[in-house]
Amino acid sequence: GESVGLHLPTLSVQEGDNSIINCAYSNSASDYFIWYKQESGKGPQFIIDIRSNMDKRQGQRVTVLLNKTVKHLSLQIAATQPGDSAVYFCAENPGWGEYGNKLVFGAGTILRVKS
Amino acid sequence: KAGVTQTPRYLIKTRGQQVTLSCSPISGHRSVSWYQQTPGQGLQFLFEYFSETQRNKGNFPGRFSGRQFSNSRSEMNVSTLELGDSALYLCASSPDRAEKLFFGSGTQLSVL
């Protein structure tokens, strides 16, 4: 079946350090990838996205890296802050083909920031 | 712009009942997707509607259904509720393709 990402791991980082959250995707036909942040009691919130014709994209304090060869996606957060504590999800869109137009989500990673 | 609005925020039902959840997308967004989120299964795609038509469907039983109205507002219905239907149901909208979905805060459904 379709699957993106890992079982729910936890990443603990010290405030001010950089964080790297990893994600493996399964569908080589996917042409769009996205990272979401979900805080307790809220819906997922968009962080950054990237298309398959790119291998890196930067936002404010965040960078997404895409390695299509090994089907791997990562999210880098610079100078991690307590407010970054949340569950982070990667997701892929397998395209308009037989898998349809939808986002397939990974299991998520818990990020805990220690002050 | 106002975000995606889901109602109700919390719902408690008993087994065998049915439930209807509502979603108002961001103004101008024509695609509405529904997801079920549970601790064990994560975020699972239910279905997607575009211009009042179901354009895509996930692997859920027929007890789960939805519809979209001409103003893009959407509802999902779950009939004959089971304990395993307890979950956070999330609605998301986008202008067209399922990219950069904007999510609501969800409806927390508890089935007793």
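In table form, for the structure just shown:
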{"item": "Only Lys, Arg (+1) and Asp, Glu (-1) charged, at Cβ; the protein assembly as shown dipole about Cα centre in debye", "result": "280 debye"}
{"item": "Other protein chain Cβ atoms within 10 Å, averaged over every residue that makes up B:92-101", "result": "5"}
{"item": "Three-way shape call for the protein assembly as shown based on the alpha-carbon gyration tensor, with the a/c threshold at 1.5", "result": "prolate"}
{"item": "Cα gyration tensor shape of chain B, rounded if a/c is under 1.5, else prolate or oblate by comparing a/b with b/c", "result": "prolate"}
{"item": "Averaged over A:104-110, number of beta-carbon atoms from partner chains that fall within 10 Å", "result": "3"}
{"item": "Calculated from backbone phi, Karplus (6.51, -1.76, 1.60) coupling profile of the stretch A:14-24 in Hz, x at Gly/Pro", "result": "7, 3, x, 6, 8, 10, 10, 10, 10, 8, 10"}
{"item": "Shape category assigned to the stretch B:33-72 from the gyration tensor of Cα positions, a/c cut at 1.5", "result": "prolate"}
{"item": "Mean separation of Cα contacts under 8 Å, 6 or more apart, over the residue count of chain B: relative contact order %", "result": "37 percent"}
{"item": "Inter-chain shielding of A:38-44 (mean C-beta neighbours from other protein chains, 10 Å cut-off)", "result": "6"}
{"item": "Extended-chain gain in nm, criterion 0.36 nm per residue less alpha-carbon gap, B:Asn77 and B:Glu52", "result": "7.5 nm"}
{"item": "Counted charge near A:Asn67, where neighbours are those whose Cβ lies closer than 12 Å (Asp, Glu -1; Lys, Arg +1)", "result": "+2"}
{"item": "Charge sum, other residues only, whose C-beta stays under 14 Å from B:Gly66's C-beta, Lys/Arg counted +1 and Asp/Glu -1", "result": "+3"}
{"item": "Translational diffusion coefficient (Stokes-Einstein; Kirkwood radius from C-alpha pairs) of chain A at 10 °C, 1.306 mPa s, in µm²/s", "result": "112 µm²/s"}
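Only the coordinates and a few stated rules stand behind these numbers; no lab work does. Everything quoted here is computed from the prediction, not taken from an experiment. Note that we place each Cβ from the backbone using ideal geometry, even for glycine, and neighbour counts take in every protein chain shown.
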